[in-house]
1. What is the sum of charges around A23, taking Lys and Arg as +1, Asp and Glu as -1, for the other residues whose C-beta is under 14 Å from the C-beta of A23?
2. When all C-alpha to C-alpha distances in the stretch 29-96 are sorted into bins of 10 Å, what percent of pairs does each bin hold, rounded to whole numbers?
3. For the chain, what is the calculated [θ] at 222 nm in deg cm²/dmol (nearest 500), taking -39500 (n - 2.57) for each run of four or more DSSP H residues and dividing by its residue count?
4. If r is the Cβ-Cβ distance from L75 to T19 and R0 is 35 Å, what FRET efficiency results, to the nearest 0.05?
5. With charges set only on the Cβ (+1 for Lys and Arg, -1 for Asp and Glu), what does the dipole of the chain come to about its Cα centre, in debye to the nearest 20?
6. So, R0 is 22 Å and r is the distance between the beta-carbons of E50 and E8; what FRET efficiency does that work out to, to 0.05?
7. Where does each of 28-41, 57-70, 4-17 land if you order them by average Cβ count within 10 Å, highest first?
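Each value in this text was obtained by applying a stated rule to the coordinates, not by laboratory testing. Keep in mind it's a predicted model, so treat the numbers as computed, not measured. Note that we place each Cβ from the backbone using ideal geometry, even for glycine, and neighbour counts take in every protein chain shown.
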Amino acid sequence: MKIRREEEVEISPPREAKTILAALGYVPTLSFQKRREDFSLGGAVVSLDELPGLGFFLEIEAGNEATVRRAARRLGLSRQRPITATYIALVAEHLSARPGRGRDLKF
């Protein structure tokens, strides 16, 4: 279980986000692809994510911990050990384990 605050804004067209971040002094260091399909389950949003090269991941989001736990039970996942690392950390770890490959690469 991981609780963190997230702020989301829509930027249209999406390429403008890169322009804004560059203007603020940010430079790309890691890029990866993620495919996501969302489902509703008992007040929770269950997201099935695919990170090509890493596999599939399931994320459960809800307004409170009890709803997340209830959804996990309904999915048969209540006894599974969750992954708490971010996708960025998982991709960076995967890339650093590849001989001759650094973090500043697209994945």
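1. On the way: positive: R15, K18; negative: E16.
Overall, the nearby charge balance is +1.
2. 19, 47, 28, 7
3. Working: 3 runs with 29 residues, N = 107.
Calculated from helices alone, the mean residue ellipticity at 222 nm is -8000 deg cm²/dmol.
4. On the way: r = 40 Å, r/R0 = 1.13.
According to the calculation, E is roughly 0.30.
5. 480 debye
6. 0.60
7. Details: 28-41: 11.9, 57-70: 15.1, 4-17: 6.9.
Listed from highest to lowest mean packing, they are 57-70, 28-41, 4-17.
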